[in-house]
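Heads up: the structure comes next, in structure tokens.
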Protein chains: 2
Amino acid sequence: MTKAANTIRHRNRGFLFDLDGTLVDSVYEHTLAWRDALEHAGINLPAASIHRCIGMSGNVLMQAFEREADETFSSRKIEHLNKLHATYFKKRSQQIRPLPGAHDLLKSLSFLKVPWAIATSGKMKDAHQPLTMLKLGTNVTVVTSDEVEHAKPEPDLFLVAAKRLKVEMEDCIVVGDSVWDLLGAQRARALGVGLLCGGSGQRELEGAGAYRVYRDPADLLAHLNEIGVLAR
Amino acid sequence: MTKAANTIRHRNRGFLFDLDGTLVDSVYEHTLAWRDALEHAGINLPAASIHRCIGMSGNVLMQAFEREADETFSSRKIEHLNKLHATYFKKRSQQIRPLPGAHDLLKSLSFLKVPWAIATSGKMKDAHQPLTMLKLGTNVTVVTSDEVEHAKPEPDLFLVAAKRLKVEMEDCIVVGDSVWDLLGAQRARALGVGLLCGGSGQRELEGAGAYRVYRDPADLLAHLNEIGVLAR
């Protein structure tokens, strides 16, 4: 391969970021908001079991809770749980902060002309607050679960985001804090990078296919050259 | 070895249990209470970084926070942080529940005449509420950080607890949800059993020396014969 071909390959790489636990520090609030919602509906699940489900969404998340609780939820109960979670999460949402280096990492990628997008299992209405917090302006590609039939661990969000960036899926790096991001990355044939700042362990993330694991966005930014982003 | 010698060995086995995250579901509340306390004092740490420090105590915990924050705390600041944590934790403590099977596991060990104790990095004043919640009565051996110079990951708590049970340290099984319990167990030459219900991953716990990992106390109870407790 020629030098020019290699250069072109670097220019075409794209980054697809998860939001909760990857760019903003909201996983523990989501965990306890779901714990409160479930308890309100008479379902007792340990916080750690709920924590491990965060990052999944919609039906898949509810199926995970059903499995944990060994109980089938009626569609009315599911609707009730979603409303309760929204209420409890809103109460806790003032505590949420950006994760270290999140803003700088995204700004640096933009400066290096590396395309990136946010692909989140959440809804667009819930993405406004964290996006504002990250001070990224309005010109950001964001794909939410409103736009796909199945969110993570299905790869649909990533496929839509890559298409919107006009980058081949195989040239994308998915960055996420949960095993669901990394399983979705594998399904989509992207490379997965894990971040520890959502509370999953290094070996868990490696076990789900992360080819590299960093502490937080700041640590990823300091090691961009390990994953193929070379400073000009 | 004769059959009788084996039987004696089984009778002499003792269990040393961590409390927070092992018997009661309080790790996420402690995590966010510390996050709030630190933020109140002008220190921003991601919740996941704090979560990984829970289970350590006193000076060692503060040193871990100092390392995470890349800052040295004055003794006045440390006192302030401890007070803030106590206040924020109290606000959240009504949400705490026993973990699945905690009561049944301890009752079963008592029924099988297997000695057990609780060895917690917390203070005795903070242990009252969870102990009451577990409905264990008053005849329980509890060793807290009030009684030792250094709590976990130092092995002192376990050494005191084993002595009180009149069981050799090498015949003890330490059960905990954090790597600090398991490192302390190794230091004390006990066997370590990890529980996932404090939010650490299976491979993290195995990496810290757990020779077996279970989901929660209920799962441990269902597999007691794997770790040498045989029903009569």
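Overview of values
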{"item": "Some residue of the range B:163-173 being at pLDDT below 95 and within 13 Å of the chain's Cα centre (by Cα)", "result": "no"}
{"item": "So B:Leu19, is it open to solvent by less than 40 Å² (accessible area, probe 1.4 Å), in contact with a Ser or Thr (Cβ under 8 Å, 6 or more places away or on another chain) and more than 14 Å from chain A (Cβ to nearest Cβ)", "result": "yes"}
{"item": "Scan of the range B:1-42 for residues that are assigned to a helix (DSSP H, G or I), at pLDDT 95 or above and over 17 Å from the mean Cα position of the chain (by Cα), ordered by number", "result": "B:Leu32, B:Ala33, B:Trp34, B:Arg35, B:Asp36, B:Ala37, B:Leu38, B:Glu39, B:His40"}
{"item": "Identity of the residue in the range A:141-166, out of contact with any Asp or Glu (no Cβ under 9 Å at 6 or more places or on another chain) and acidic (Asp, Glu), that ends up farthest from A:Leu183 (Cα to Cα)", "result": "A:Asp146"}
{"item": "Of all residues in the range B:93-111 being within 14 Å of another protein chain (Cβ to nearest Cβ) and open to solvent by less than 40 Å² (accessible area, probe 1.4 Å), the one that is farthest from B:Leu220 (Cα to Cα)", "result": "B:Ser93"}
{"item": "Matching residues in the range A:148-157 - criterion: being out of contact with any helix residue (DSSP H, G or I) (no Cβ under 6 Å at 6 or more places or on another chain) and within 17 Å of A:Ala127 (Cα to Cα)", "result": "A:Leu157"}
{"item": "Residue in the range A:76-90 that is closer than 24 Å to A:Gly184 by Cβ and within 14 Å of chain B (Cβ to nearest Cβ) present", "result": "yes"}
{"item": "Members of the range A:216-228 that are surrounded by 23 or more Cβ atoms within 10 Å (Cβ to Cβ) and assigned to a helix (DSSP H, G or I)", "result": "A:Pro217, A:Leu220"}
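Yes/no matrix, rows are residues, columns are (1) at pLDDT 95 or above; (2) surrounded by 15 or more Cβ atoms within 10 Å (Cβ to Cβ):
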{"site": "B:Met56", "(1), (2)": "no, yes"}
{"site": "B:Val60", "(1), (2)": "no, yes"}
{"site": "B:Arg76", "(1), (2)": "yes, no"}
{"site": "B:Lys83", "(1), (2)": "yes, no"}
{"site": "B:Lys113", "(1), (2)": "no, no"}
{"site": "B:Met124", "(1), (2)": "no, no"}
{"site": "B:Thr132", "(1), (2)": "no, no"}
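Let's see how each residue does on (1) under 14 Å from the mean Cα position of the chain (by Cα); (2) of a type in the set (A, V, I, L, M):
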site	(1), (2)
B:Gln202	no, no
B:Leu205	yes, yes
B:Ala210	yes, yes
B:Tyr214	no, no
B:Leu221	no, yes
B:Leu224	no, yes
B:Leu230	no, yes
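The values are calculated or read from the model by the stated rules, or taken from the named source; none is laboratory data. Because the structure is predicted, anything quoted here is derived from the model rather than measured. Methodologically, a virtual Cβ is constructed for each residue, glycine included, from the backbone with ideal geometry; neighbour enumeration extends over all protein chains shown. Accessible surface areas use protein heavy atoms only, side chains included; no ligands, DNA or RNA. Shrake-Rupley method; radii C 1.70, N 1.55, O 1.52, S 1.80 Å.
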